[in-house]
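Here the structure comes first, spelled out in structure tokens, and everything after it is commentary.
Here, each number is a calculation from the coordinates, and none is a lab measurement. What you see is a predicted model, and the numbers here were worked out from it, not measured in a lab. Because the Cβ atoms are built from the backbone with ideal geometry, glycine has one as well, and the counts that use them run over all protein chains shown.
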Amino acid sequence: MRRLELTLPTPPESLALDEALLDWAEESDAEWEFLRIWESAQPLIVIGRSSRVHQEVDESACQAAKIPILRRSSGGAAIVAGPGCLMYALVLSYKLRPELKDIGRAHACVLGRLAESLGPLLAHVGSIAHVGTSDLALLEGFLPRRKVSGNSMRAKRTHLLYHGTLMYDFDLSLVARCLRMPPRQPAYRGSRSHADFLTNLPVTRGSLVEAIGRAWPTEGELADWPSGRVAGLVAERFSQESWNFEFG
């Protein structure tokens, strides 16, 4: 597995790079695997592949704050990202990890590793666990309470893209201002507001990056990346309203 810590100049480029790495691995006919870490310098909304913008996003609030709304190719509901919200992406090989072809095991594998690696950093406040379909949440006793990470995946023929958020110093008020209550909620949320449901991890950015690296060890930096593919995806999809607002 190769490591890439790279945030590109614009949100569409940064979002496209995850998919470009997946496509690159698919086209390689090899067991390529990647870990990417990035963090947007500006707030942005990222909606799921099948999300309906009007159901999940307050478009007028986003327009007033000049926050772009972009659609990713993986599933799940809308998120808000930006400074203080670390983003990670894994491109994993089915040949090396055939168990990941089962969606439930894929969620459990990735999030279980992350929770185990983050656990020692959180001993002073409690513990963390994979809960719901694809969340990481801080626990109160044995019960999940506050969400700190949302994740989604996209499966192709030979590889899987698994990516998500890890909030550590994020302006959580942006979520309440920009997102409506999601149409689908995990049971542990209990219809709580965004303010009562979400929280930041009480860790530094540096320790969070190190924890991700411990969970998914790499064998060196990725010296090259598919810049041409990124440019193509931005032109074809991520900069186009026909893609970002496909379902309105």
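For the chain, how big is Rg over Rh, using alpha carbon atoms and the Kirkwood form of Rh?
On the Cα set of the chain, Rg over Rh gives 0.94.
Quick check on the exposure proxy: order Ser193, Ser93, Ser242 from fewest to most C-beta atoms within 10 angstrom.
Result, fewest neighbours first: Ser242, Ser193, Ser93.
May I ask for the net charge around Val230, where only other residues with Cβ less than 13 Å from the Cβ of Val230 are counted and Lys, Arg are +1 while Asp, Glu are -1?
It works out to a net charge of -3.
Sorted from fewest to most neighbouring beta carbons within 10 Å, what does the list Ser28, Ser51 look like?
With the sparsest Cβ surroundings first, the list reads Ser28, Ser51.
Could you work out the percent of alpha carbon pairs in region 41-122 separated by over 17 Å, rounded to a whole number?
Result for the distance tail: 61 percent.
Per the Kirkwood treatment, what hydrodynamic radius in Å, one decimal, follows for region 1-77 from the mean inverse distance over all distinct Cα pairs?
14.0
Given a Förster radius of 30 Å and the C-beta distance between Thr218 and Gln42 as r, what FRET efficiency does 1/(1 + (r/R0)^6) yield to the nearest 0.05?
0.65
For Lys101, go through the lysines and keep the ones whose alpha-carbon is under 30 Å away, minus same-chain ones fewer than eight residues off.
Straight-distance partners of Lys101: Lys147, Lys156.
Give me a comma-separated list of calculated 3J(HN,Hα) values for region 31-45, in order, Karplus coefficients 6.51, -1.76, 1.60 applied at θ = phi - 60°, integers in Hz, x for any Gly or Pro.
8, 5, 9, 9, 10, 10, 10, 7, 8, 5, 7, 9, x, 8, 9
Count charges around Arg189 for me, please; just the other residues with Cβ under 13 Å from its Cβ, Lys/Arg as +1, Asp/Glu as -1.
In short, +3.
Which one, Leu86, Ala108, Ala20, projects farthest toward the positive side of the charge dipole computed for the chain from Cβ point charges (K/R +1, D/E -1)?
In the chain, that residue is Ala108.
May I ask for the equivalent-ellipsoid semi-axes of region 129-248, computed as the square root of five times each C-alpha gyration tensor eigenvalue and listed largest first in whole Å?
For region 129-248, the ellipsoid semi-axes come out as 28, 23, 15 Å.
Can you sort Met181, Met167, Met87 by how many other beta carbons sit within 10 Å, fewest first?
Met181, Met87, Met167
When the chain is fully extended, how far beyond the present Cα-Cα distance does Ala231 get from Ala65, taking 0.36 nm per residue of separation?
Extending this stretch completely gives an extra 57.1 nm.
What net charge do the residues around Asp23 carry, taking every other residue with its C-beta under 9 Å from that of Asp23, with Lys and Arg at +1 and Asp and Glu at -1?
Around Asp23, the surrounding residues sum to -1.
Between Glu26 and Arg105, what is 0.36 nm times their sequence separation minus the Cα-Cα distance? Round to one decimal in nm.
26.4 nm
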